[in-house]
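Reading through the structure tokens given below for one structure.
The values are calculated or read from the model by the stated rules, or taken from the named source; none is laboratory data. The structure presented is a predicted model; accordingly, all values stated were derived computationally and were not measured. Because the Cβ atoms are built from the backbone with ideal geometry, glycine has one as well, and the counts that use them run over all protein chains shown.
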Amino acid sequence: MLYSLYEGGYYASTPLRMAARMTRDFWGSPLNPAAQTELGRTLYAGADLFSNITRRYPKPEWGIESTTVNGVEVRVRETTVWESPWCKVTQFDRDMADMRRAGKLALDPAVLIVAPLSGHYATLLRGTVQAFIPDHAVFVTEWSNARDVPMMDGRFDFHDYIDHIQEMLTQLGPRPHVVAVCQPGPPVLAAAALMAAENHPSRPASMTFMGSPIDARLSPTVTNRLAEDKPFTWFESNMIYTVPPPYPGALRRVYPGFVQLASFMSMNLQRHQDAHWRYFQNLVKGDGDQAEQHLAFYDEYLSVLDMTEEFYLQTIDIVFQRYLLPRGELYHRGRHVRPDRITDIGLMTVEGEEDDISGVGQTQAAHALCPAIPDEMKVDYVQPHVGHYGVFHGRRFREEIYPKVRDFILRMDPVISPRKASKKAQIAA
């Protein structure tokens, strides 16, 4: 019922939204002689703010058309290299002619960046992807909005997620690298453990976990406490709703993205209210740069997707209530998941000192779960003065976190590392 009410509220507000847009266009027109008066700018700002608050936010575009390698601009194009009804893997393919001009003749490590399936689209990692592109062959998971997947395509649960990770890594060829941002940590570690157990040729050469709830019992946050305090039946009864027509996934039971968004915003409600008030004031003052920054952030932040009922509830159960992976009790398709038997996959964990989603220690727990990995193949890093978002985006990520991740991947790469060692030996001789 809530999903239908949400849709009804959106369509009921359409006349007001249209009126606001007409008002905005009238007072924003350069042909209007009163547009630059204080009254005109105030009316424009109010109408624009109302229009933005009540409109729909579609999936954003990546907008990554080029990168810079060794001071040379290199063209980048998006290509889909693998897909299912539930996900596609997008490669950010660098133009080879431009790469040759940049002096990059050797193959760079292949990196699968696993975006979170937790309410937002993969484009939330735009800054992460942009940082990786100059030094790696970058592949990113783009999870589907459950409301757009027809019922005939079946279910998608936590174990299907693990299967997808294994299939994606296999698609990338021998010994790729994997970077899991936030939510994917537990299923990615499980997939790596299963592939390592069978000595799979495409098992990762390294795995990097960034702000992931590997063991959510440690340094519990508000999000963790909610999952612990509420019984499982509460989530079934209060968080799951039916997709209404005319969406392709009509009648599918989902955890709606707008519910997740409301939960996140309520955690910092005053901050969001202040941000919109500053946006209004900047429009009145005519400060277009600050207003554009606000729009760029919220165009991404307010664009959300739905998760299937089974995936959401199993994640609550497996990761946040029974902690099956850190307890050594996780089974996948009848197979026991044993991270403690991983021996030849590099492990790096990255956490934010001020993370209020995955507290410090939750990601570090991966090291205790993988005791068979040699110490020289492990890196544990806590970034000072950043929260959850800052772990994978922003200036500190670009300048302080990413260089450490890049160097770790290069050191773990089975092709590049031997080549470096051989070159050092030649120099020594």
Is there a residue in the stretch 60-70 that is within 23 Å of the chain's Cα centre (by Cα), within 30 Å of D287 (Cα to Cα), of a type in the set (G, A, S) and not in a loop (DSSP other than H, G, I, E, B)?
-> yes
Which residues, taken from the stretch 363-399, are in a helix (DSSP H, G or I) and crowded, with 16+ Cβ neighbours inside 10 Å?
-> A365, A366, H367, L369, M377, Y389, G390, V391, R396, F397
What are the pairs, 6+ residues apart or on separate chains, where a residue within the stretch 247-265 that is within 12 Å of Y312 (Cα to Cα) has its Cβ under 7 Å from a residue that is at pLDDT below 95 and assigned to a helix (DSSP H, G or I)?
-> P256/Y3
Name the one entry in Y323, Y298 that is in contact (Cβ under 8 Å) with a residue 24 or more places away in the chain, in contact with a Lys or Arg (Cβ under 9 Å, 6 or more places away or on another chain) and among the aromatic types (F, W, Y).
-> Y323
Quick one: which of T315, T349 is in contact (Cβ under 8 Å) with a residue 24 or more places away in the chain and within 30 Å of R411 (Cα to Cα)?
-> T349
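Conditions tested, residue by residue: (1) farther than 25 Å from Q362 by Cβ; (2) surrounded by fewer than 21 Cβ atoms within 10 Å (Cβ to Cβ); (3) among the aliphatic types (A, V, I, L, M); (4) in contact with a helix residue (DSSP H, G or I) (Cβ under 6 Å, 6 or more places away or on another chain).
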| residue | (1), (2), (3), (4) |
| --- | --- |
| P174 | yes, yes, no, no |
| P184 | no, no, no, no |
| A196 | no, no, yes, no |
| P201 | yes, yes, no, no |
| G211 | no, no, no, yes |
| D215 | no, no, no, yes |
| R253 | yes, yes, no, yes |
| Q260 | no, yes, no, no |
For the stretch 82-127, enumerate the residues that are hydroxyl-bearing (S, T, Y) and either touching a strand residue (DSSP E or B) at 6+ places or on another chain (Cβ under 7 Å) or in a loop (DSSP other than H, G, I, E, B) (or both).
-> T90, S118, Y121
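Of the residues that make up the stretch 230-243, is at least one among the small types (G, A, S) and without any contact (Cβ under 8 Å) to a residue 24 or more places away in the chain?
The first filter runs over the stretch 230-243 and keeps only residues among the small types (G, A, S), leaving 237.
Then drop every residue that is not without any contact (Cβ under 8 Å) to a residue 24 or more places away in the chain, which leaves 237.
Yes: the stretch 230-243 contains one or more residues that are among the small types (G, A, S) and without any contact (Cβ under 8 Å) to a residue 24 or more places away in the chain.
Pick out, from the stretch 141-235, the helices (runs of 4 or more DSSP H) lying fully within it that include 3 or more residues that are at pLDDT 95 or above. Give the steps one after another, and end with the answer.
Details: elements: 158-171, 185-197, 222-229.
By residue number, 158-171, 185-197.
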Taking the stretch 33-70 and keeping only residues that are closer than 30 Å to R101 by Cβ, β-branched (V, I, T) and surrounded by fewer than 14 Cβ atoms within 10 Å (Cβ to Cβ), one is left with T68
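Looking only at residues that are in contact (Cβ under 8 Å) with a residue 60 or more places away in the chain and surrounded by 14 or more Cβ atoms within 10 Å (Cβ to Cβ) in the stretch 86-107, which one is nearest to I409 (Cα to Cα)? Talk me through it step by step, then tell me what you get.
Filtering the stretch 86-107 for residues in contact (Cβ under 8 Å) with a residue 60 or more places away in the chain gives 86-87, 89, 106-107.
Subsequent filtering for residues that are surrounded by 14 or more Cβ atoms within 10 Å (Cβ to Cβ) retains 86-87, 89.
On the way: W86: 28, C87: 25, V89: 20 Å.
The extreme case among them is V89.
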